[in-house]
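Enquirer: Below is one structure. I have some questions about it.
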Amino acid sequence: MCGIVAAVAQRDVAPILIAGLKALEYRGYDSAGMAVLTPQGVRRVRAKGKVREMEQRYLADPFPGSTGIAHTRWATHGVPSESNAHPHLSGRATVVHNGIIENHAELRSELQAQGRVFESETDTEVIAHLVDIELARGIGLRAAVLRAVARLQGAYAIAVMDAHDPERIIGARLGSPLVLGVGIGEHFLGSDMQALVQVTRRVIYLEEGDLAEIRQDGYAVFDRGGVDVQRAVHESDLSTDAIDKGEFRHFMLKEIYEQPRAVADTLEGRLGAHGPLPNIFGPGGDALLTRVAGLHIVACGTSYHAGLVARIWIEALAHIPVSVEVASEYRYRDVVVPPGTLFVAISQSGETADTLSALRETRARGYLGTLALCNVPESSLVREADLKLMTRAGPEIGVASTKAFTTQLAALALLTLALARTRGQPTARLDALAAELAHLPRMLEQALAIDAEIEALAARIVPRQHALFLGRGTQQAVAMEGALKLKEISYIHAEAYPAGELKHGPLALVDSDMPVIAVAPNNALLDKLKSNLQEVRARGGELYLIADRDSALDGEDPARVLRLDVGGEMIAPAVLTVPLQLLAYHVAVLRGTDVDQPRNLAKSVTVE
């Protein structure tokens, strides 16, 4: 959520800042703004709504300059409005900020008592005042920022300019990501690599507490004590093509269709004929897995659903107890950690605030070790975990996660097979499961082939205001993911339940206006599921099935049954997810919602 771009260059930076903000639109936001240091002083433009609206205001009255900062805001403190949009100014200081300042109310009261006047409702504005006070005392911008952030409690990534010093911008981070882009005669700051790919592929991933200074002629990085430190420069392989929609109408649809390749990439070089290859979790990973007596999987949203699938796999195949918990709840209760417990954190971005904080809690809780499953190699989560497995999904721009989920399932399947091998599962069974997993990309391709049928079904869902999703076993989590996708982008209220729970309450909701969507693989639970579906039919419910081609579903309306090859239990959750993603997508398109940037949501949730 929120996005930062900053630049010091030998050219006009406004086009760089605007392009960077557009590249960050996927993160979710409700207002945008930009400030540039010009020969006449700081010029600022802000607008509620999309970056394009701010851009139009700028183009109506442009102000070229070689030093500037820009921001997309996702409202936390204060409603979405122009006055609450960043950048915020106070005297000489201009600031943009991601995160939440937890002690902003106390700081605001203190500053107001000193005669400081606030123009916004945001927590960010206190930073501008704190920096300006220090600048007025005659110290330089870097020292002023260092003193200001020492007073902040909470999470932040900031970029700060001094109206009297057009040569530099200072950035700082604590609990919220910030990267430094290295150029020739120009340097940059951004919330992530995607903000900077248009201007450089050489980046430094700032560490917790770092402060960075960028100038035309160079850069410097300092730790939270102000001591000069060296951070490695990374060459990113991200391209501008990777963050372009190409031939697709929306990023979400593009990313749904990228899933076969993303899953193949996740498995490549890691899966052999007899299961996972050695050392795929990093040095010492295989030895550590032999000592695992239990797992705690912690994640949020879609990643949490992936963890629920993995729990069933791991307990069935490796006979190891697994608990799965929402990260925001894990942090605030006393968790019992039995000896030999591995902590597994799942996050698409690796910067999810609750998941990252949960990982940091493990240091005092006696875990055997920590494992990060993540899509961003340079993220905080990956850097701080003992073991890691990258999902290789590539950039995911649509706020509603799609290929992140299926690649997480692929990675968790590798973990399951690796744990099963350490527990002496029969080789023939593991070989068969490995072969099944290797076929997953092809099965995903086949699932995409029924897109036109799903689009036709979507038209029936469009006028509804509520929907119920059902599944059994691993498909319960698939149903939860399907409900989440539908509510995220179409704004239809959707809930998911284990099908066996239907008669314990949800059945009261079922009538002719309530579509009930069930996933029905041809497995040992199919007969139980059919009994549950009969309960829906008897109440006049509008029933839709996403079913295995071989599932015996006599008596169902063929127009309401979508059939596809699902595969075995190891790959069925990923395969059955694809039709539900496409269903949510087509319903949202027909309802005219903003598919890629649904209201009130952010892609990377970097605040608690």
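Just so it is clear, none of the values below were taken in a lab; they were calculated from the coordinates. Note that the structure is predicted; figures quoted are calculated from it, not measured. Using ideal geometry, Cβ is built from the backbone for each residue, glycine included, and neighbour counts are taken over all protein chains shown.
Enquirer: Provide the packing ranking of 445-457, 67-79, i.e. peptides ordered by the mean count of other C-beta atoms within 10 Å per residue, highest first. Spell out each step's value before the answer.
Expert: Working: 445-457: 16.9, 67-79: 23.5.
Packing order, densest peptide first, comes out as 67-79, 445-457.
Enquirer: What Kirkwood hydrodynamic radius, in Å, does the stretch 245-438 give when the mean of 1/r is taken over all pairs of distinct Cα atoms and then inverted?
Expert: Numbers: mean 1/r = 0.0597 Å⁻¹.
Result for the stretch 245-438, one decimal place: 16.7 Å.
Enquirer: Continuing with this model, one more query. Okay, which of the stretch 323-341 sit inside 17 Å, backbone N to the point 7 Å along the Cα-Cβ direction of R291?
Expert: 337-341
Enquirer: Also, I was wondering about something else. Evaluated at 4 °C with a viscosity of 1.567 mPa s, what Stokes-Einstein diffusion coefficient in µm²/s does the stretch 399-509 have when Rh comes from the Kirkwood expression over alpha-carbon pairs?
Expert: Working: Rh = 16.6 Å.
Value of D from the Cα-based Kirkwood radius: 78 µm²/s.
Enquirer: Which FRET efficiency value, to the nearest 0.05, do you get for V462 and E501 by plugging their Cβ-Cβ distance into 1/(1 + (r/R0)^6) with R0 = 41 Å?
Expert: Details: r = 27 Å, r/R0 = 0.66.
The formula returns an efficiency of 0.90 here.
Enquirer: I've got another one for you. Taking N as the number of residues in the stretch 282-385, what is its alpha-carbon radius of gyration divided by 2.2 N^0.38 Å?
Expert: Details: Rg = 12.6 Å, N = 104, 2.2 N^0.38 = 12.8 Å.
Output field value: 0.98.
Enquirer: Between R591 and E208, what length in nm is gained on full extension when 0.36 nm per residue of separation is reduced by their alpha carbon distance? Intermediate values should be presented prior to the final figure.
Expert: Values: separation 383, 0.36 × 383 = 137.88 nm, distance 4.25 nm.
Once the chain is fully extended between R591 and E208, it gains 133.6 nm.
Enquirer: Given points 7 Å out from each Cα along the Cα-Cβ axis, report the T427 to Q534 separation in nanometres with one decimal.
Expert: 4.6
Enquirer: Excluding Q446 itself, what net charge comes from residues whose Cβ is under 15 Å from its Cβ, given Lys and Arg +1 and Asp and Glu -1?
Expert: Numbers: positive: R261, R442, R549, R563; negative: E436, E445, D451, E453, D548, D550, D565.
Local net charge: -3.
Enquirer: Beyond 18 Å, how much of the Cα-Cα pair distribution for the stretch 1-62 remains, as a whole percent? Don't jump to the answer; show the numbers that get you there.
Expert: On the way: 555 of 1891 pairs.
The share of Cα pairs beyond 18 Å in the stretch 1-62 comes to 29 percent.
Enquirer: Give the residue from Q408, N279, V337 lying farthest towards the positive end of the charge dipole for the chain; charges sit on Cβ (+1 for Lys and Arg, -1 for Asp and Glu) and the dipole is referred to the Cα centre.
Expert: Positive-most Cα among the choices belongs to V337.
Enquirer: Looking at the chain, send over the antiparallel percent of its DSSP beta bridges, to the nearest 5.
Expert: On the way: 65 of 105 bridges.
Restricted to the chain, the bridges split so that about 60 percent are antiparallel.
Enquirer: Any idea what Rg and Dmax come out to for the chain if you just take the C-alpha atoms, in Å?
Expert: 25.4, 82
Enquirer: Among 191-197, 289-295, 428-434, 333-339, how do they line up by average Cβ neighbours within 10 Å per residue, starting with the highest? Mind dumping the intermediate values first?
Expert: Details: 191-197: 26.1, 289-295: 17.6, 428-434: 15.3, 333-339: 11.1.
For the peptides 191-197, 289-295, 428-434, 333-339, the packing ranking is 191-197, 289-295, 428-434, 333-339.
Enquirer: Report, by chain and number, residues whose modeled amide H sits under 5 Å from the one on L189, excluding near sequence neighbours (fewer than 5 apart, same chain).
Expert: Residues meeting the criterion, in which the H sits 1.01 Å from N, are A6, A7, G181.
Enquirer: I would also like to ask the following. Rounded to the nearest 20 Debye, what is the dipole magnitude of the chain about its Cα centre when Lys and Arg each give +1 and Asp and Glu each give -1 at the C-beta? Intermediate results must be reported in sequence, preceding the final value.
Expert: Numbers: 61 positive and 74 negative charges, 63 e Å.
Once rounded to the nearest 20, the dipole reads 300 debye.
Enquirer: In terms of modelled amide H atoms, which long-range or inter-chain residues lie less than 5 Å from the amide H of G65?
Expert: For G65, the qualifying residues are V13, A14.
Enquirer: Quick one: which residues, 5+ away or cross-chain, put their amide H under 5 Å from the amide H of L178? H built at 1.01 Å from N.
Expert: Those qualifying (amide H under 5 Å, at least 5 residues apart or on another chain) are L206.
Enquirer: Still on this structure, I have one more. Starting from the 7 Å offset along Cα-to-Cβ, what nm value, one decimal, do you get for the label separation of L238 and Q112?
Expert: It works out to 3.9 nm between the two label points.
Enquirer: Would you please report the Å³ per residue occupied by the convex hull of the alpha carbon atoms in the stretch 3-242? Write down the numbers at each step before the final one.
Expert: Details: hull volume 26.8 nm³, N = 240.
About 112 Å³ per residue, rounded to a whole number.
Enquirer: Could you give the DSSP H helices of the chain that reach 27 angstrom or more along their long axis (alpha carbon positions) and whose average Kyte-Doolittle hydropathy is no lower than 1.0? Kindly include the intermediate steps, with their values, before the conclusion.
Expert: On the way: long enough: 403-422 (29 Å, 1.08); 572-591 (29 Å, 1.33).
Sorted by number, the helices that extend far enough and score high enough are 403-422, 572-591.
Enquirer: So between A452 and R52, what do we pick up on full extension, going 0.36 nm a residue minus the alpha carbon distance? Numbers along the way, then the final one.
Expert: Details: separation 400, 0.36 × 400 = 144.00 nm, distance 3.28 nm.
Between A452 and R52, full extension yields an extra 140.7 nm.
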